[in-house]
Structure formats: C-alpha cells, structure tokens
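Each reported figure results from applying straightforward, stated rules to the coordinates on display, with no laboratory input. Since this is a predicted model, take the numbers as computed values, not measurements. All Cβ positions, even for glycine, are placed from backbone atoms using ideal geometry, and neighbour counts span all protein chains on display.
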C-alpha cells in the first residue's frame, strides 16, 4: 500500500486512515473523487473496503488479478474486493473461525456485483473436486434465479435487489466449498402491485412473457405483451434497453436445471396467477354491492388455486381477501381491490420464500457423517442488504430497512472498537477509550418491549375495534412523545412542523432525519389472512400447499405482525453475525444517471453520511493511524538508516527501534508493540515515505554501480572461460583428428590385408595376418574349453593351423591331468569300472544306457558280514555280493541265491550254506543277451569234476555284476553278448538253450524241446 503514497497528490491515499485532516468530510470526499477519476474504485478505511460503482466494466477482475491477490498480505498491494475475499478466506483457514462479509449501500451502488465477485473469486481459487464442482456451480447459478425473482428495474438501478440476502458458504478442512445456505430478508412485496413511474415489477414476469414458448404461454393463459397486465404497466416501463429479458429467461431456465429444480410448472403457474389476479376487476351491482367483472381470468386462477369453488368458499372469503371465485363479494370496491393486492403480495412473497428454501436444499451438504464431525468445516457469510434509504415518501419498508441499518451500525461500531482494543492489548499498547455516538437509544426506540415502536404497532393491530393509521400515530405520540429522536407534526416546534406532515412521524437516525408516513402502516402487517390461507392450503399446486400451511388456519394463536417477524429475523441475523469475524464492504453510487466517470459530490456526501463512514474513520483514527508488522516496515524503510542497510541481522524489534531513532521519530509519534510498530500521525509516515523517495536515486545509483560491476566481472569471466574453453576445444579436436587418422590408417591396412590374405606374408598383409593371429589367440584366451568333455575349439587362420592343433592337444592334456589330480580313489575305481562296462556293453545291450548314471556299489547285500562270519575264514576277503536267482539245469526251477565275489573265486550261497564255488581260473566265459533281461550264464569246464556244469543266473544289476566279475576274473574279453539264444552245458556232453525274444514285459517259461524261453522288452532296438 505504501508504494502509492508518493503519488498521493494525484491519486489520493489508499487508506482513509492516512488522511491528515481525517475529521473533514470534504477531505474524505475529495480523496474519493481523486481515486475515482483515476479509475481506482476501491479504498480502505483500515480493514473496511469502500467501493464506488464505476458503471462500466474495468479490466481488474480477470483470473490473473485473482492470482495476484491470492495468498498476499491485506495491505501489500492496492485495495480490491479480491483482497477482502482472500483475507477472509485465509483467516477462516488459519484461525478456524467462521467469517462474514457485510456488503451495504444504496440501490445501484454495486452490492449485488460485489457479492458476485466474491463468489467468483472463491469458485476460481479454491480447490475443487467433481462433487464440489457441482456445489460451486449451484452457488454461482443461484444468483440468476434470485435476481429474476427478487430484483427489479428502479430509477437508480436496472438490476436492483429488492430483498436482503445473507448467504453462508461452507468450506471443508481443505478449503473447498462443499455447501451453502441463504436467508432472505424483507422482500419488497409492494412492488408486485405497484411501481413508481420509470420502474418495473420483478424481472421474472417480463422474462416469462418475452422468453417463454408460445405453447407454454397459451397453457398459462398469457399473451406475449406486458402492456395487457395491470401489475406490469403502472411504471410505464415494460421494456428497458439495457435488459434482454429473452436471453435472461434462458439463463434462468439453465440455472434452474443446474440447481436441480423440478417444480417449474407449478412455479410458473403461480407467476401467471399473480398476473391474472392483477387483471381481476370489480364493479358495483344493482344494489351497490361489489362484483367481479372479469370472468375470463377466474378460469386460469382456478387451475392454480383450488378446484373447490362453490358458494361455501365464497362465504368463507366474505369480509376477507378477494380470491379466485365466481360470485359476489360484500366488500366495498376499495376493500376488494386492497384485498386482491394483499393476496397477490402474500402469494408472491411466500413463493419467493419457498424458492429460497428450495435452493438451500440443493446447496445443503449431504454427507451426514462428515457434517457431524466436530470442526470439520468452516463458513464464510455474505450479507447483501439495503443501505440507509431516505425518499420523498418513506413507508413501512423504508422504516424496516433503516431499522436494520441502525442495528448493523450498532454492531459495526462495537465490533470495530472491539477489534481495535484486542489488537492494542495483544501488542501491549495502552488502550484509550474512544468517544462515539452510540445508537442504542435509537434501536431501543424501535424495539424496546412495551414502549418501542414495534410493540405499539402490535398493540394497535391486536386491540378490539377498527384500528386506523391515525389512531396508531396518536398512540405513538402518547408513548414516545418525550423521546429526543422522535418527532411528529403535533410535537414539533414551529420550524420543524413545516417539514413533518400530519400523517407522518420523524425518526432521528444515526445517519440523519427521516419522515415516515403512517398511511397503510397497519395494512402492511397482514394479520387478517387466515380465511384466504384456509382456501389456498387446499390448492392442488404443490408449492402453494407448502407455502400456506393448514396449521396457520387451525391454530388459535394470533399470527405475528410483519414488523415483529422482521424484528425477530433481524435479531437472529445479528446473532449469526456476532458469532463470526466480520469484514465490511461499503458501496457508494457516484451518480443517479448511471453514467461512468461522473462524480456527484452531493450524492456521495449523502451516502458517506448515511453509511457512517466518517464515524468509522473517526473511531479508527482515535489511536494510531498506521500500523505494520516489524518485518514489513523494516524491509521497506531499512535503506534510510546505515545501521539497518542493507540487512539487519538482529531482532526485528531492535532493528525497527534503530531505524525510527535514526529517522528522528518523537516519542509521542509512535509506539512499539510486540510484533508491530504503531504510528500515530499520517504526517510522520508521509515524511518517512518522502525520505524514501529522496533516497531512491542514491539507491538506484548504488544498485546501478553494483550491477555494472557485476556485469563487467561476469563479462571478464565469460571471456576468460571462453579462452580456456577454446584451448580445451582445440586440444580435443586435435586428439579427435589424430584418432580419426589412426583409424583411417588401420582400416586401410585391414582392407589391403584382407585382399592379400591368401598370399605369403608380405608388407601388404602382415597387419591383417597379425590381427587374425591376435584375434584367434584372444578368442582362445577368453573362451577356452571348459572341461575335458567340451570339444569346442575356435577355427584358426590358415597360418596357425598347426599351432592350433598343438595348442588343442596341450590344452586337453592339461585339463585331463588337472581332472585326474582332482579324482578321489573311490571315484577313480568307480570310473574304471564304468569304463570296463562301456567296453563290454556299449551298443551291445539295451539296458546299458539306463545303467550309466547309476553308480556301482561295493555290495548289494545288507547282511554280507553275517554271511562272512557264517561261511568261515575263506570268505574274509569278500569283495562284492548280490542277490540272484538260479535256474536249475533240469526243469529250470528258480531258486534264490546270493552271488559272492572274492578276489579269487565266486560262490553261490543259499541260506548261509555254500552251494557252489567257481574259481576264476576255471571260468571259461560269461554269456548275456542283448535285451533288457537280467540273465547271465557262467560257463565252466564240464570235464572238471568239481563243477556242476554251467550256471544260469538272473539278476537286476546284471551289468554291474558282469563288470565286477569280468574285472576280478580278468575275463573282459570272454563276455559274449547273444542276440537270440545262449547255449549252456547241463551235463557232460549235453547242452540246453535259452531263447530270448522281445515282448511287452519280462516273462520266463519252459518251452518246447526243453528250451528256456525268456521274453524281455527291447528298449533300444538296433
């Protein structure tokens, strides 16, 4: 804010608190005029924002402007409605306390636009989700609907709000809008039946006639001509050049859809019924009684009201309001017209209240669990209500408006003083009591029990007999005659009596004197509507049935007057505002002609007085005119003191004390609080600001010098770095060129060598041949054979073929030696046996491949030691044992035996008894088949009397047994493998045959001619 103090002679000050002559109203208005002339429509009074309507669009409401004010300190930049909005929002988020913004001013001062800008700011800058986006849209779209039903064209404003509105916007813990609620106050229902010249009824009537579809209008019995409706022609202004009713109708329809409105037909029926009711005319019959003369409108009225239109209904409406029925009414002509108008106002007023409640339903936050959690959400309230009004003729509605402003002014002064006192106490500054006009005496005059204006009005309405406006005025004179703020024609002195009519009374408000007429004061209270309500509550129209409740008819309690209802609702509003932290926006209308750039000083002075701005300024200036936090003050003015420039390193309070001491502040000119400095006189601040302005050239020179020095040093470093970089780049380029030349030379040698590769070694191919040899040797080094079984070997170049063979042989020998050195004795013996088995059986016997991975064991008998102990010492050197099946030579009977191998002989044992011994020297040969059977025949000499001829055995480990036996008996070359049959001796000179065949499974049987038939599966057919 201080940034514009140096231009104050041209644009004024941004905060009226800084006015030197703050008690002068002329100085106040002159500051407003200067700023208005520079298109600066916003000015502060402390934290209060004063807004002057520019009557044109200014380029200060874009999204970029919103971002400029978002999260910025309140006084950091120029005044704006966005600054108030953001400050309120941040206070709600940080302090977790509900806030409210009070917007007031005359009609046409820009209150409605101000509330729109605030809502748009929150809708744009607050975080939002899909669900919250719906709530945001409904909040924004509620404005067109409320403006259509509650705004009208007046002499002062083409879109004047004719009701007071308080809107709560609910935010969740993240600061996103999640709901809202609207309260409406004092709808100007008299506008429904009467408008001053140059004014219009509420917008919705004209929008329906201009924008509604023809079928819809026909169904409602309406014509597209506002001149044909009595309630729309009294102001003689059915069309306005600045208003497009047809386009506005589309906007309203779209807004109703967004809000989720489904009772549109019933609502339009009510709007149409008001127009038909206004066209209901009366005349006198032959006997002088009042009759309804317009029958056509009753047909459409009956569709909206109720279908039960018989004589009983007519009787119930006698001496009451005129409703839609066909027949006679005993009221006088004037009473009938007044009753008709009262009914129209009541229906429209209650329909408007119902519409607000419907909007509230759509804005309500639906998450009950979330909503019930304590502290889950905060609220910002927006109050858009009439400012103080003084017309040539002031009725009951102006009285309520001004009474409301009295209460708000009382609240405003109290809260302003309270906030000032709290700030002083928080900063440790002594609070000095401020004298101000307390308008409690005026509020008591209106609302005090038994003696106040409203109590007297209630008594007059409720007393027996026929009350009149004159009797009410007399009662006021009797009760309030001695009050200093109440004057009537009868009580006034000679000079004042001329300005007060005989049917008027004057109240001296905080903002000035206002004359009110008592004509229609009692009629405005609408306490005699029970009979009408009893009929309307039976209506088929869902909205009307909800607006007029049957309880209102059946209850014996007398209904409250309009004044009491307004007093109670205002008390609730004050209670709501007291529970929140307030911010204020005071709107001012610069001229009555709605022209941009025109500043009517008399009109502005009138509003400044009625808005209480001078009183507010005087309260704000009663102590210190200027206050700022230490860091902000020191940051701005530190250059004025050598001790604080360029940076202060100590406590902020000490830095500010050093600064003000250097500036020569007197003790009475300032106070230092805990976190802020308070300056009493604007002149002190202006002197400091002028000193800063004078200091700026020197600062600029210092900055320029520093910048030039920095720039030259940077230039030097760039040049130096450029030289170093140039040398480095040259060296890199030379290295790269050498590498490229070397690479080109190598490539040439390689290509030439490849061409001469088949020639004898010569200069042309020596590099290529060397490279081949090197590549071969490196390949061999990197990928040598991994084991003795790995037969891979790289292909050598022709010149290294012989060397490659020697290397391969040496490599294999080396791997074999290493392998042999690693073999254990047990494993060596196993391998030797496997080699013997391979020499005997490989490619000869089908079961050999399955035996290769199986290790040979030392014995297949679990009790070999028992046999050794039993058979004696000649079996102490047992080498191997295995279970076998022996087939007899005659009959081929199978008998289980154990074959035991020693170092010099083999024996057959049965049940630990030695059955046969075969010396290895006597063993001639061993015969087996090529199939997978386990048969083997041990051939022994038949001439040897010690032997019993050849032995036929069967064993599951035939390859292991034959290998061990052939090794120990040294009969490796005596193993015969037969394809079809084996002959063996059964006695001296006699032979038998074993026939082998392939089959699905192993079978042993005695065949023809005494042969032994063996069937075995053949796994490896040859």
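Axis of helix 264-278 versus longest Cα principal axis of the chain: the two differ by about 10°, to the nearest ten degrees. Between the beta carbons of residue 600 and residue 264, assuming R0 = 30 Å, the FRET efficiency works out to 0.10 to the nearest 0.05.
Per residue, the average separation of C-alpha pairs within less than 8 Å and at least 6 apart gives the stretch 828-1016 a relative contact order of 17 percent.
Once the C-beta distance of residue 808 and residue 741 is scaled by a Förster radius of 45 Å, the resulting FRET efficiency is 0.65 to the nearest 0.05.
Highest average first, the peptides 209-216, 149-156 ordered by how many other beta carbon atoms sit within 10 Å of their residues are 149-156, 209-216. An oblate overall shape is assigned to the stretch 553-637, the ratio a/c of its alpha-carbon gyration tensor axes (a ≥ b ≥ c) being 1.5 or greater and a/b not exceeding b/c. Rounded to the nearest 10 degrees, what's the angle between the helix 453-462 long axis and the longest principal axis of the chain, both from Cα atoms, 0 to 90? Approximately 80 degrees, to the nearest 10.
Only helices enter this figure: runs of n ≥ 4 DSSP H residues, each worth -39500 (n - 2.57), summed and divided by the residues of the chain, yield -14500 deg cm²/dmol at 222 nm to the nearest 500. Here the simple spin-label model places points 7 Å from the Cα toward Cβ, and for residue 758 and residue 830 these points are separated by 5.4 nm. Between 0 and 90 degrees, the angle of helix 469-480 with respect to the longest Cα principal axis of the chain falls at about 90 degrees. Legend: ranking of residues 606, 1011 from fewest to most surrounding C-beta atoms inside 10 Å; resulting order 1011, 606.
Determine the shape class of the stretch 887-971: with a ≥ b ≥ c the square roots of the Cα gyration tensor eigenvalues, call it rounded for a/c under 1.5, and otherwise prolate if a/b is greater than b/c, oblate otherwise.
rounded
Of all beta bridges that DSSP places with both ends in the chain, some 75 percent have antiparallel geometry.
If you take the Cα centroid of the stretch 29-80 and the Cα centroid of the stretch 154-188, the two points sit 22 Å apart.
Neighbour counts of C-beta atoms inside 10 Å place 929, 733, 378 in the sequence 733, 378, 929, starting with the fewest. The listed peptides 161-167, 53-59, 445-451, ordered by packing as a protection proxy, come out as 161-167, 445-451, 53-59 (highest mean of other Cβ atoms within 10 Å first). Note: relative contact order over the chain, using C-alpha pairs below 8 Å and six or more positions apart, is 10 percent. Annotation for residue 879 and residue 33: the two label points, set 7 Å from Cα along the Cα-Cβ direction, are 13.8 nm apart. Computed extension length for residue 575-residue 353: 77.8 nm, one decimal, from 0.36 nm per residue of separation with the Cα-Cα distance subtracted. Residues of the stretch 451-495 with backbone nitrogen within less than 19 Å of a virtual label 7 Å along the Cα-to-Cβ line of residue 508, please, listed as ranges. Taking a point 7 Å out along Cα→Cβ of residue 508, the residues of the stretch 451-495 whose backbone N falls under 19 Å are 452-453, 476-495. Cβ crowding within 10 Å, taken as a proxy for footprinting-reagent exposure, orders 171, 776 from fewest neighbours to most as 776, 171. Here semi-axes √(5λ) of the Cα gyration tensor in Å was calculated from the structure, and among (1) 49, 42, 28; (2) 117, 51, 29; (3) 73, 39, 31 it sits at label (2). If a/c stays under 1.5 just call it rounded; otherwise compare a/b with b/c (prolate if a/b is bigger, oblate if not). Do that for the stretch 627-699, with a ≥ b ≥ c from the square roots of the Cα gyration tensor eigenvalues. In terms of gyration-tensor shape, oblate.
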